[in-house]
Each structure stands twice: as structure tokens, then as C-alpha cells.
Amino acid sequence: MTAARTADPRSRGDADEGDRSTISPAVEDYLKAIYNLSDEGEPVSTSAIAERLGIAAGSVTGMLKRLAEQGLVEHVRYYGTRLTDDGTLNAVRTIRRHRILELFLVDVLGYTWDRVHEEAERLEHAVSEELIDRMAMVLGEPAEDPHGAPIPAPRGEFHETRYMSLAELEPGRRATLRRVPDEDADALRYLASLDLIPGTELEVLERAPFNGPLTVRIGSDTRVVGRELACAVGVEPVEEA
């Protein structure tokens, strides 16, 4: 089973294009972090935001107050923070820029998928929406980035499916690998060495007890995947005939 997360932050017609000159890179990082940490729009704790961004909780509290004053978040002390419609719109657009940049770096400039996250983190704050749209056109209006993450449409709409993890797949079940985490370069290089990339069909042969590794078959080959890594890889089970 998969659970879907949708986002359609359109609320102001053509005014949605917004003025990014008032949104700093730091603010974009906060909004993106809150969006990624939130579960279906649920409030996110200050400590979780601080951990995600590697910033002291006191500094996060001060920034959240400023974001609330700008109408980008709703912040209630001791309860948590959630994005407003404007905050969601800005977060999703930052995510769009990031994911298109990653794909452009891989497909056009020849980067390997383990090197693009940090580059995209830097570039996402500098590029214009027009440049991103032109990149997307060159790429054929792609639906996913190199790691299987969905790319929002120009106006912010997108549908994000939450896949079950490889660790949850029962032995004997076949599945298609759909998504991998993009932030750990070492993990990405290791996944590539195991041929565990989006689109790969696989079958779990065995799950070792006591949180042991999984034995996975890919084609005629077998691979051993640690439980921690398997928990981070999203798969879609193949429906049996």
C-alpha cells in the first residue's frame, strides 16, 4: 500500500508568481524544512526544525516569529509550526527548483546522482523561475528527479506518493524500486553499486531476524542490503496476476 501526499498551494491566480526578492535563502531553507518535516500539514516542533537545519533551537524560535509576521507560517508556542498557503507555495517552488536542478545536472551535465544534492542546495536560491522552466522544457517536462522524488509543476501542483520501504516487503514479494534518499552521497554510491536505482525490479528472498539484513534478487543476481538502508528505500509492490 502507498499513501499519497498532495500539494496544490494555488490561491491567488497570476499573483502566485510572487516576488522572490523578499524571500531570503535562509527563509527558503526554513520553509522547505518545515514542509519536508510536516506530515500532511501537521505542526512541526521547533526542535525538529533545529535538528534538520543544524541550528540552535533559540535561533529557530526567533526566525519562526519573523516568518509568522511575514504570513509564511503559523507558529504557536509549545504546539508547533505549520506553513500558511503562502509559505507552502514558496516551499514547493524551492523543492521544484532543487529537483529540476538535480536532474539537469545528471542528464545534461553528466554529474553522478551522489554529487547533485549539495550543488542543487546552493543553486536553488540563485536561479530564476524562468531558467528553471527552460531547464524543465529541455528535460521534457520531467515528473521525477534522479532519486525518484516527484517534481512539482510550475504553479506548485504535485502528487507525492509515500511508498512502503524495502524493509517492509515480505520475502517472496516482487516490487519496483521507486525512491531513494538524496542527501547521503555515500549511501547513493553504495545503492548504485548494488544496482538499486529507481525503476529496478527486485524480489526479497530473505529477511534475517533481529533486524538483520535483507537478501534481494535483481535479475539473476542477489544482493545483501542492510536493514537501515532498506528502511530508507521506497518500493512499489508488483501486483500478482
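Name the residues in region 22-64 that are more than 23 Å from ARG97 (Cα to Cα) and in contact with a Lys or Arg (Cβ under 6 Å, 6 or more places away or on another chain), would you?
PRO43
Surrounded by 11 or more Cβ atoms within 10 Å (Cβ to Cβ) and at pLDDT 95 or above: does that describe LEU37?
no
Kindly indicate whether any position in region 65-77 is over 15 Å from the mean Cα position of the chain (by Cα), modelled with pLDDT of 95 or more, among the hydrophobic types (A, V, I, L, M, F, W, C) and in a strand (DSSP E or B).
Yes.
Is at least one residue of region 167-178 in contact with a strand residue (DSSP E or B) (Cβ under 6 Å, 6 or more places away or on another chain), of a type outside the set (S, T, N, Q) and loosely packed, with under 14 Cβ neighbours inside 10 Å?
yes
Only residues that are out of contact with any helix residue (DSSP H, G or I) (no Cβ under 9 Å at 6 or more places or on another chain), under 20 Å from VAL108 (Cβ atoms) and touching a residue at least 12 places away in the same chain (Cβ under 8 Å): list them for region 141-168, please. Working first, answer last.
Kept after step one, since they are out of contact with any helix residue (DSSP H, G or I) (no Cβ under 9 Å at 6 or more places or on another chain), are these residues of region 141-168: 141, 143, 148, 159-164.
If we keep only those that are under 20 Å from VAL108 (Cβ atoms) too, we end up with 141, 143, 148.
Selection gives GLY148 alone.
The values are calculated or read from the model by the stated rules, or taken from the named source; none is laboratory data. Since this is a predicted model, take the numbers as computed values, not measurements. FYI the Cβ positions are ideal-geometry reconstructions off the backbone, even for glycines, and counts take in every protein chain you see.
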